[in-house]
Amino acid sequence: VQLQASGGGLVQAGGSLRLSCATSRSAFNFNVMGWYRQAPGKQRELVATISNTGTTNYADSVKGRFTISRDNAKNTINLQMNSLKPEDTAVYYCKRIYGGNIIWGQGTLVTVSS
């Protein structure tokens, strides 16, 4: 199972980006998938998760600005990020949990300039 993250880039504060985490059809069965991020010198932290029933969970710092969703036709999990702030700058990773297995995708860099 592989997770392919994409959509990172450089954006000005107040701008938007959309991250996608793609996987195979068979791997799109999951208990929870989500996005985490790691800023330089900091620990990796949860950004948002979505369960197989569609329940979502967000870090307080992104509530109201970020939206996680799933696209069953494309086997992807998306993260729409609006009103971006410089403190959102980090490498963003997607994660899949299924049964007792945890898989991380490669990171995608998001840089927000002030």
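Among (1) open to solvent by 50 Å² or more (accessible area, probe 1.4 Å); (2) more than 18 Å from ILE97 (Cα to Cα), where does LEU19 come up short?
Unmet condition: (1).
Looking at segment 9-57, what strands (runs of 3 or more DSSP E) fall wholly within it and have at least 3 residues that are of a type in the set (A, V, I, L, M)?
It comes to 17-22, 45-51.
Of everything in segment 60-114, what is hydroxyl-bearing (Ser, Thr, Tyr) and either over 17 Å from SER6 (Cα atoms) or outside any strand (DSSP E or B) (or both)? Give them in sequence order.
Within segment 60-114, SER61, SER83, THR89, TYR98, SER113, SER114 meet the criteria.
If I filter segment 70-89 for residues that are under 12 Å from THR108 (Cβ atoms), at pLDDT 95 or above and either touching a Lys or Arg at 6+ places or on another chain (Cβ under 8 Å) or surrounded by fewer than 16 Cβ atoms within 10 Å (Cβ to Cβ) (or both), do I get at least one hit?
Taking every residue of segment 70-89 in turn, at least one turns out to be under 12 Å from THR108 (Cβ atoms), at pLDDT 95 or above and either touching a Lys or Arg at 6+ places or on another chain (Cβ under 8 Å) or surrounded by fewer than 16 Cβ atoms within 10 Å (Cβ to Cβ) (or both).
The values are calculated or read from the model by the stated rules, or taken from the named source; none is laboratory data. Because the structure is predicted, anything quoted here is derived from the model rather than measured. When we count neighbours, we look across all protein chains shown, and the Cβ atoms used for this are built from the backbone with ideal geometry, even at glycine. What goes into the accessible areas is simple: the full protein's heavy atoms, side chains included, and nothing from ligands, DNA or RNA. Shrake-Rupley method; radii C 1.70, N 1.55, O 1.52, S 1.80 Å.
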